[in-house]
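Quick notes on the structure that follows.
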Amino acid sequence: MLDQRIIRDLQATLGAEHVATDKADLICYSYDATQQQYLPDVVVFPASAEEVALVMKIANAERIPVFPRGAGSGFTGGSLPTRGGIVLSTERMNRIVEIDTENLVATVEPGVVTEQFQKEVEKLGLFYPPDPASLKFSTLGGNVAECAGGPRCVKYGVTKDFVIGLQVVTPTGDIITTGGPTMKGVVGYDLTKLLCGSEGTLGIITRIVLKLLPLPEAKKTMLVLFDSIDGAAKAVSTIISNKIIPTTLEFMDGRTIDCVRQATDLEVPDNARAVLIIEVDGDREFLAKQVQKIQQLIQPLGVVETRTAETPEESEALWQIRRSVSASLRKVNPDKFNEDICVPRSKVPEMIRKVDAIAEKYNIPIVNFGHAGDGNIHVNIMIDRKVPGELERAHKAIEEVFRGALELGGTMSGEHGVGIAKAPYIPLEITPEAAAYMKAIKKALDPNNILNPGKIFLD
Amino acid sequence: MAKLKNLEDYRDAIEQCVKCGACRAHCPVFGAERREGRVARGKVALSKAVLDGEIGLEAKVLEDLSQCLLCGSCCAGCPNKVPTEEIVAAARRRIAEQQGLSTFGKGVAAVLGRPKLMNALAKTGGALSSLLFRKLPENSGLRLRFPLPYLESGRTLPPLSARPFRERHPERIAGEASQPTVAFFTGCGINYMYPEIGEAFLKALRFLGVTVIIPADQACCGLPAVSAGAGEVVEKLAEQNLAALSREPVDFVLTACASCNAGLGKIYAEMGEPFEKLAEKTRDIFVFLVEMGLPEKLAELPSRGVKTRVTYHDPCHLRTRGITAEPRAILRALPQVEFVEMENAGTCCGLGGTYSVYHYENSRKIGAKKAGHIEESGAELVATDCPGCIMQLQDAINHAGGRQRAVHILELLREALPEEK
């Protein structure tokens, strides 16, 4: 419990209605998509960088942990108040400050919902490509803090590739800016890149400067069914080695197809053991040629069937198969661990085989789908927590999955981050020397360890 | 008799929530007031905490649970289809059981089943509708949906009809022997406030030769009482309607109000037998008209020179039950209509029955967004399939200074159909 004096200080700073201490509010800010729960002592809703700075000054003086939170949709517990203290919600900082159509740059506050931003820039013929699955509700601040990915990353890159400047409140309560609205800038350390994906441990993002692109004229979507995962994986490398970079290259393995068969209106033949959703975008005339070339290239690789969408509605129908995955998985088992390993894309089939072997070894269903184009596989370990011993076996399986990805030159997280969920496994990937380097940065910037403590590293 | 479920019965459904946050994209209340307690995920978490005894029914919990339109948008957009509106309704019943009904909920329970009084009052004249509203018996669905605080809120309300719709017509209007027989569930909105929608309904069914039964003793569907947490009232109304609507054999029970459709079609289905059979027979008027081939028949009517530009607002209680194509199919087929889609046609207008009474400010905010989209569409009329939505849409348009009119699709259909001899 926080001292009433501190609550009064926060109320005096932000206004009483923007400081919540009711148990009901604490419950509502105690969770994220990991389904773990930690009650904070207080939730604050600042409206500006200045207010955030004042909160940080109070917290720093009183040594109270602060946990920044966007939409609370993270998969690794990055925003969970694991040590009580203050949850700092960015929900009120939700303005699109400026869209500069001349320089193709936008400035936004962290609480802006990703899809809302995309829609606004698209109205102006512009394009913000990062598209995490949660884009309809996750916030740009959270996307930057976690460096969110998404299907379109194959062609366009991840969130950090579009962040060119930030305004940040430091753990000690100073307001700084990094980078800016220019496409180039090499003065000083690149703090923008350091802060992207730092999971709210080094500073609280209060403004974001984003790079925009012209909106592609058109897109085409293909759903290709293969008789094996090897055919699908070979198709990915064949397309890319022929110098075509599609916008998205999504895959689903055989187990995933089995799950979604009942959940979708699309007919999926029995001999389909892998699916690729290939989308290309750009100039309309150029697209038709590209689709034709892709079809020629992949045809010999065990293609069972190809369906091509011409209109946005048809495209949506094809994507529906991918979107139905999440709900259909629950039919396998009630609980899941959604891991997001990433391997070099040529290693995807090998990784899938490793995962299948792990599933068999621990007798746990594991369903794989994800972004084949960048080797980012969502490994879904499906368990029933109520079955004795299943949770322990799942944890062993997860560790083996991570080890498997690292053996292939991969990483244990492509887009979800570390948070608390993957913190125990950090030593598998990061050497003690590299970890010490990172911790030195944290120590220098946050001497009292009050900003999102206990995330990324166990300490 | 079967009963509504308790909060405990929803424990498994509550456990289905994986806290992903997808509901944040769909909840109109959250759109107006961005706080986690306002969104489905928060309300499900609070319901779970109540069930687990981690929190009592304290003021903040009641406030958050009251901040729900019961529109079902969250469930429609939920990957796991967690029925938050059912969970919130069950939580409100639990609150009513433990802490008693709110003042107006008490009134509802006390004067149930006095339709004669309601009619007598209605007859005294539509000119004094605000006074009349004050005198409406409290078992009226209208009273439940739009109780007194409304009248002092600056809200623009339509006048109350001098003669209720059901009094204007016999209980049976015979059609052709080859055509189906249907019961018309008028709902309170059509009976007392918009009888012209009822007249349009009859004209359309006469055009098709359908036999219509209008049971005089039908009651409010009960949806407003669901919203208020008055479980027993819902059950009584359901029994009264079951008796009234099963007296004569009918092929379908038709509604021309989205809320009534959800009341009969969804809430009664949740109550199990014998209400389930009534729920199965319930059809939205436009689903029925499309099944009867009305769009094809409309296509044979002569085209009109100058067309009116009309957009469509999806009432939540139809949209979340998958009824979106049929009302549009009828609109598109109307010879005098140029149909245009508006942006966010499927987002709530902000009425939510009792919601708009207790949370008029948020209701106005949600409505204002809608009015903006109607304006942007360039339409002269916004058509819909729910008297409640018509009232809210017109109020939102009036407050925004717009010139559009909110109408029921049936009113447009009445205009299009040939004059009867």
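The values are calculated or read from the model by the stated rules, or taken from the named source; none is laboratory data. The structure presented is a predicted model; accordingly, all values stated were derived computationally and were not measured. Backbone-built Cβ (ideal geometry, glycine too); neighbour counts: all protein chains shown. In case anyone asks, the SASA skips ligands and DNA or RNA and just uses the protein heavy atoms, side chains included. Shrake-Rupley method; radii C 1.70, N 1.55, O 1.52, S 1.80 Å.
Rundown of residues vs (1) in contact with a helix residue (DSSP H, G or I) (Cβ under 9 Å, 6 or more places away or on another chain); (2) under 22 Å from B:Glu171 (Cβ atoms); (3) open to solvent by 10 Å² or more (accessible area, probe 1.4 Å), yes/no style:
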site: B:Ile214; (1), (2), (3): yes, yes, no
site: B:Gln218; (1), (2), (3): yes, yes, no
site: B:Val234; (1), (2), (3): yes, no, no
site: B:Ala244; (1), (2), (3): no, yes, no
site: B:Arg247; (1), (2), (3): no, yes, yes
site: B:Asp251; (1), (2), (3): yes, yes, yes
site: B:Ala262; (1), (2), (3): yes, no, no
**Complete:** Selection from the range A:182-212 of residues of a type in the set (S, T, N, Q) and in a loop (DSSP other than H, G, I, E, B) yields A:Thr182, A:Ser198, A:Thr201
**Request:** Test B:Arg321 against the stated conditions and say whether it is open to solvent by 20 Å² or more (accessible area, probe 1.4 Å), farther than 30 Å from B:Glu419 by Cβ and modelled with pLDDT under 95.
**Result:** yes
**Message:** Please verify whether A:Leu80 is at pLDDT 95 or above, in a loop (DSSP other than H, G, I, E, B), open to solvent by 20 Å² or more (accessible area, probe 1.4 Å) and within 14 Å of chain B (Cβ to nearest Cβ), treating the condition exactly as stated.
**Reply:** no
**Single unsatisfied condition, B:Lys277 versus (1) among the basic types (Lys, Arg); (2) within 20 Å of the chain's Cα centre (by Cα); (3) under 24 Å from B:Glu232 (Cβ atoms)** = (2)
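A quick yes/no check of all residues on (1) surrounded by fewer than 20 Cβ atoms within 10 Å (Cβ to Cβ); (2) hydrophobic (A, V, I, L, M, F, W, C); (3) in the same structural domain as A:Leu276 (by the TED database):
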position	(1), (2), (3)
A:Cys147	no, yes, no
A:Pro151	no, no, no
A:Val163	no, yes, no
A:Pro171	no, no, no
A:Ile175	yes, yes, no
A:Thr178	no, no, no
A:Lys184	yes, no, no
A:Gly188	yes, no, no
A:Leu194	yes, yes, no
**Request:** Within the range B:363-380, track down each residue that is surrounded by 20 or more Cβ atoms within 10 Å (Cβ to Cβ) and either over 15 Å from B:Asn344 (Cβ atoms) or in contact with a helix residue (DSSP H, G or I) (Cβ under 6 Å, 6 or more places away or on another chain) (or both).
**Result:** B:Ser363, B:Arg364, B:Ile366, B:Gly367, B:Lys370, B:Ala371
**Item:** Output for the range A:66-77, where each listed residue is open to solvent by less than 10 Å² (accessible area, probe 1.4 Å) and outside any loop (DSSP other than H, G, I, E, B)
**Value:** A:Val66, A:Phe67, A:Arg69
**Prompt:** Scanning for something more than 18 Å from A:Lys243 (Cα to Cα), within 19 Å of the chain's Cα centre (by Cα) and among the basic types (Lys, Arg), does the range A:307-320 turn up at least one residue?
**Reply:** no
**Prompt:** If you take just the strands (runs of 3 or more DSSP E) that sit entirely in the range B:281-389, which of them hold at least 2 residues that are of a type in the set (Lys, Arg) and in contact (Cβ under 8 Å) with a residue 40 or more places away in the chain?
**Reply:** none
**Prompt:** Of the conditions (1) among the aliphatic types (A, V, I, L, M); (2) within 14 Å of chain B (Cβ to nearest Cβ); (3) more than 21 Å from A:Ser138 (Cβ to Cβ), A:Ala61 fails just one. Which one is it?
**Reply:** (2)
**Request:** Report whether or not B:Glu58 is in contact (Cβ under 8 Å) with a residue 60 or more places away in the chain, open to solvent by 20 Å² or more (accessible area, probe 1.4 Å) and within 11 Å of chain A (Cβ to nearest Cβ).
**Result:** no
**Asked** Of the residues A:Thr238, A:Thr256, A:Thr248, which single one is within 20 Å of A:Glu313 (Cβ to Cβ) and not basic (Lys, Arg)?
**Response** A:Thr248
**Asked** Does B:Leu101 count as away from every other protein chain (no Cβ under 13 Å), in a loop (DSSP other than H, G, I, E, B) and either out of contact with any strand residue (DSSP E or B) (no Cβ under 9 Å at 6 or more places or on another chain) or open to solvent by less than 40 Å² (accessible area, probe 1.4 Å) (or both)?
**Response** yes
**Message:** Among (1) more than 14 Å from every other protein chain (Cβ to nearest Cβ); (2) open to solvent by 30 Å² or more (accessible area, probe 1.4 Å); (3) under 30 Å from B:Val82 (Cα atoms), there is one condition A:Thr256 misses while meeting the rest; what is its number?
**Reply:** (2)
**Matching entry among B:Lys19, B:Lys81 (being touching a strand residue (DSSP E or B) at 6+ places or on another chain (Cβ under 9 Å), within 11 Å of chain A (Cβ to nearest Cβ) and in a loop (DSSP other than H, G, I, E, B))** = B:Lys19
**Message:** Considering only residues that are under 24 Å from B:Leu223 (Cα atoms), within 12 Å of chain A (Cβ to nearest Cβ) and in contact (Cβ under 8 Å) with a residue 12 or more places away in the chain, which ones fall in the range B:22-38?
**Reply:** B:Cys23, B:His26, B:Cys27, B:Gly31, B:Gly37, B:Arg38
**Prompt:** Just to be sure, is B:Arg332 on the phi < 0 side of the Ramachandran plot and in contact with a Gly (Cβ under 6 Å, 6 or more places away or on another chain)?
**Reply:** no
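Conditions (1) away from chain B (no Cβ under 14 Å); (2) acidic (Asp, Glu); (3) open to solvent by less than 50 Å² (accessible area, probe 1.4 Å), marked per residue:
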position	(1), (2), (3)
A:Ile294	yes, no, yes
A:Ile298	yes, no, yes
A:Thr306	yes, no, yes
A:Glu313	no, yes, no
A:Glu316	yes, yes, no
A:Trp319	yes, no, yes
A:Val325	no, no, yes
